1. Return the carbon/sulfur percentage of the accessible area of segment 267-360, one whole number, probe 1.4 Å, all protein chains in place.
2. Just by accessible area at a 1.4 angstrom probe, what is the order of Glu148, Glu72 from largest to smallest?
3. Using a cut-off of 14 Å between beta-carbons, work out the net charge of the residues near Ser340 (Lys and Arg +1, Asp and Glu -1, Ser340 not included).
4. How many Å² of accessible area per residue for the chain, probe 1.4 Å?
5. What pairs in Lys25/Lys83; Lys4/Lys90; Lys205/Lys242; Lys157/Lys242; Lys268/Lys360 have C-alpha atoms more than 25 Å from each other?
6. In the neighborhood of Ser275, defined by Cβ-to-Cβ distances under 14 Å, what is the net charge if each Lys or Arg adds +1 and each Asp or Glu adds -1?
7. Just the ratio, please: alpha-carbon radius of gyration of segment 103-193 over 2.2 N^0.38 Å, N its number of residues.
8. Multiplying the sequence separation of Val122 and Tyr56 by 0.36 nm and subtracting their Cα-Cα distance, what value in nm do you get?
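The values are calculated or read from the model by the stated rules, or taken from the named source; none is laboratory data. Please read these numbers as outputs of a predicted model, since none were measured by experiment. A quick note on method: Cβ atoms are made from the backbone with ideal geometry, for glycine too, and the neighbour counts reach across all protein chains shown. The area values use the complete protein model at the heavy-atom level, side chains included, leaving out ligands, DNA and RNA. Shrake-Rupley method; radii C 1.70, N 1.55, O 1.52, S 1.80 Å.
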Amino acid sequence: MTEKLYDLDSSVTEFECEVIELYIKENRLAVELDRTAFFPEGGGQTSDRGFLGEAYVENVEICDGHILHFVENSEENVQKFQKGVVLHGKVDEIKRFSDMQQHSGEHILSGIVHNRFGYNNVGFHLSESGVTVDFDGNFTENDLCKVEDLVNEVIWKNLEIRVSYPNEEALKTLTYRSKKEIDGPLRIVEIPGVDVCACCAPHVKRTGEIGQFRILSAEKHRDGTRLSILCGARALRDSREKLAQNTAVSRLLSCRQTETAQFVQKMKTEKEALSFRLVGLQRRLLAQQAADAAPQKRFVEFLDADMETLRFFGDLLADKAGEFAAVFSEDSPRRFVVFSKTGYDVNAVCALLRTELGAKGGGRNGAAQGAVDAGQDAIRNALAGD
Ligand SMILES: [Zn+2]
């Protein structure tokens, strides 16, 4: 059995240890130690990483009750980690501290939500890509602001976070949150007046170390809510990045940072109105072009326009076409329409584009549409006719 140094003192990040077993698991090299400060993955949280001697510990897992430290599977490491070898272990303090900030913050959040709304924490995920907490209930935007304030107030009070293993008698009288039944003695993490929870992970010693707490987003998850949260340095980095974005946008728009959304909304409305006018003007121009066009057997035209405008132009040109009018967009792949008002088989035009240029699409009764990824010349050649 490995002594878990992380269990009662989360500040231990360097330690001396002895190799008690070396395993090769699915081509990975796993070291078992007599004692370890490396927290293995569990409870929704990724494991610690760091060094055993010179070797990098990339992951730590509990396999069949054994805490295994995974290192590179090299000949050198196989020699180095022989049974009985004494080593110096060093946990990556920055990751550990950040994980503790997030996890302790999550306990305060879950405690407050449970006390205030009666909702349960039904899922927790802590990794480098983000931190999410799932609750079996819903929040208003106001609720979330209030909860965020309350969590930060607990942080500022700098309360002690206590870890203990109460005996069965004491457990009977204790009310605590627990996600699932845990084998062996129950480890209780208590933040006085805020939360009592069964948990196996390392925590900061006082709430002040969490620094700050932010709720980044809330989305519907099953019948409840998934909150994305961040604490401490990660919350600081996140707000810094978002502030930089907002600062850049406010400079581009020459507006106050508190008015960027309002300005973007205004620009969006203006853009929509402009697009509308542009389409109107383009159609007037196309109508004139179609009216001026001399009748010919086949029209093959290319247009920087949306599908509706392609149809508008194709339909008008077909009035002048002995066989058909085909209009292609300028994007990739090109969308196209084919119209005929003389009974010409428009599906045969599509079939030609399908065989010659790998187009998709078809139609009948004088109207067809599709998409093709080809250059203007190739399309003109394919549809040149005799
Ligand atoms: Zn926990």
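1. Carbon plus sulfur share of accessible area: 56 percent.
2. Descending accessible area places them as Glu72, Glu148.
3. Net local charge, Ser340 excluded: +2.
4. On the way: 21230 Å² over 386 residues.
So the chain comes to 55 Å² accessible per residue, rounded to a whole number.
5. Details: Lys25/Lys83 17 Å; Lys4/Lys90 14 Å; Lys205/Lys242 30 Å; Lys157/Lys242 28 Å; Lys268/Lys360 34 Å.
Lys205/Lys242; Lys157/Lys242; Lys268/Lys360, as the Cα separations exceed 25 Å there.
6. Result for the neighbourhood of Ser275: -1.
7. Compactness ratio reported: 1.17.
8. This chain segment gains 20.4 nm when fully extended.
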